[in-house]
Amino acid sequence: MKTIQALLIAISYILFIASPFAVSAGEFDWPLARITDKIYAIYGPFDLPNPQNRGFRNTAVIVLTTDGVVLLDPGGSAWAGEKIVERLKSLTDMPVVAVFNSHAHGDHWLGNEGVKNAYPAAVIYGHPNMKTKVEGAEGERWLKLINRATEGKANGKKVVAPDKPVNDGDVIDIGDTEFRIYHTGPAHTDNDISIEIVGEDALFTGDVVRNQFLGMMEEDASFKGNIAAIDSMLEKSFSHYIPAHGHAGGAEILNEYRAYLVTLKGAVKQLYDEGLADFEMKPEVVKVLQEYQQWPGFDIRIGPHISRVYLEIEAEEF
Ligand SMILES: [Zn+2]
């Protein structure tokens, strides 16, 4: 029975994967994808923010509760947030009552502004470090960056930070649904939360997991912590893992992204031990990571990833 269930889930994901990402100039025509009866996703494109995607480039998640709609990462621009809210009307007449932001990178929270324009009473949740960063210089930096990259088409007017902090172990009750928060320390950033939709056997991973896509790892990232965070997610064994970029699926998505991180760290460690500097080892590391070279983002991210892993290994040695 369990096998048949897993097979049906796998087939439904393959059907979604087969449908191409629709992109046309400045229109929000990315379709709604059903994950369970209560959970839907809108899968954004992998491109960097540009005038065509107007800042929408993440996986936005919609959860239907008896009190109203809860959004997880409502897009990377005010425009995206507004369009997601419009799209909801084909699912329900209920208002948006809450939003969770997975971390402080702008493609995951700039949509808050669009949601609040339509539903000022919606309560926004994020990790305490995320709230501090977005309320500080980081918030303004992201707003300007995305407005510039989209040539103003993001429609961003102001920073809308989380109203309430949430942290590891918190459970937020909204209507008939519980949202359980996990934070295992620095991973993709120092402010990641992953969100379990209790009763649906589903976990929104944030950027701790991406499905065949590489994104930023900056100063507050920890490759070691990211691997540990994935292990913790795998231990809980959910049927549906929803990454913050790319399609939802089963544990195979986590295992694949984990394998990338482990292989990268192993390759850098070996060459570090041989006395190579980070810029000297890039061609060899790229060779070892051959099977990941087709992932969008590989070409622009691999250099910075090597540098960050190198610094992490250096710090671990002393
Ligand atoms: Zn991120």
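The values are calculated or read from the model by the stated rules, or taken from the named source; none is laboratory data. All values reported here derive from a predicted model rather than from experimental measurement. Because the Cβ atoms are built from the backbone with ideal geometry, glycine has one as well, and the counts that use them run over all protein chains shown. Side chains included, ligands, DNA and RNA excluded: accessible areas come from the protein's heavy atoms. Shrake-Rupley method; radii C 1.70, N 1.55, O 1.52, S 1.80 Å.
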The one condition I242 fails out of (1) under 20 Å from G215 (Cβ atoms); (2) of a type in the set (A, V, I, L, M, F, W, C); (3) surrounded by fewer than 17 Cβ atoms within 10 Å (Cβ to Cβ) is (3)
Restrict the check to region 16-30 and report whether at least one residue is more than 25 Å from D173 (Cα to Cα), out of contact with any Gly (no Cβ under 9 Å at 6 or more places or on another chain) and at pLDDT 95 or above. no
N226 assigned to a helix (DSSP H, G or I), within 15 Å of the ligand (Cβ to nearest atom) and either open to solvent by 10 Å² or more (accessible area, probe 1.4 Å) or closer than 22 Å to I313 by Cα (or both): yes
Restricting region 90-99 to residues that are open to solvent by 10 Å² or more (accessible area, probe 1.4 Å) and β-branched (V, I, T), the residue that is nearest to the ligand (Cβ to nearest atom): V97
Determine whether A221 is open to solvent by 10 Å² or more (accessible area, probe 1.4 Å) and without any contact (Cβ under 8 Å) to a residue 60 or more places away in the chain. no
Kindly check whether there is at least one residue in region 261-272 that is outside any helix (DSSP H, G or I) and open to solvent by less than 30 Å² (accessible area, probe 1.4 Å). no
How many residues of region 209-223 are under 15 Å from V262 (Cβ atoms) and more than 9 Å from the ligand (Cβ to nearest atom)? The answer is 4
Out of all the residues in region 156-174, which are out of contact with any strand residue (DSSP E or B) (no Cβ under 8 Å at 6 or more places or on another chain) and open to solvent by less than 60 Å² (accessible area, probe 1.4 Å)? G156, V159
Quick check on my filter: what residues within region 100-127 are of a type in the set (S, T, Y) and away from the ligand (no atom under 14 Å from the Cβ)? Y119, Y125
Matching residues in region 234-260 - criterion: being of a type outside the set (G, A, S), in a helix (DSSP H, G or I) and closer than 17 Å to R301 by Cβ: E256, Y257, R258, Y260
Identify all residues within region 273-311 that are open to solvent by 80 Å² or more (accessible area, probe 1.4 Å) and in a loop (DSSP other than H, G, I, E, B); write none if there are none. E274, Q294
P186 fails exactly one of (1) over 16 Å from S232 (Cα atoms); (2) within 16 Å of the ligand (Cβ to nearest atom), namely (1)
Can you go through I146, I39, I62, I35 and tell me which one is open to solvent by less than 40 Å² (accessible area, probe 1.4 Å) and farther than 23 Å from F179 by Cβ? I146
One residue from R54, R87 being modelled with pLDDT of 95 or more, at positive phi and open to solvent by 40 Å² or more (accessible area, probe 1.4 Å): R54
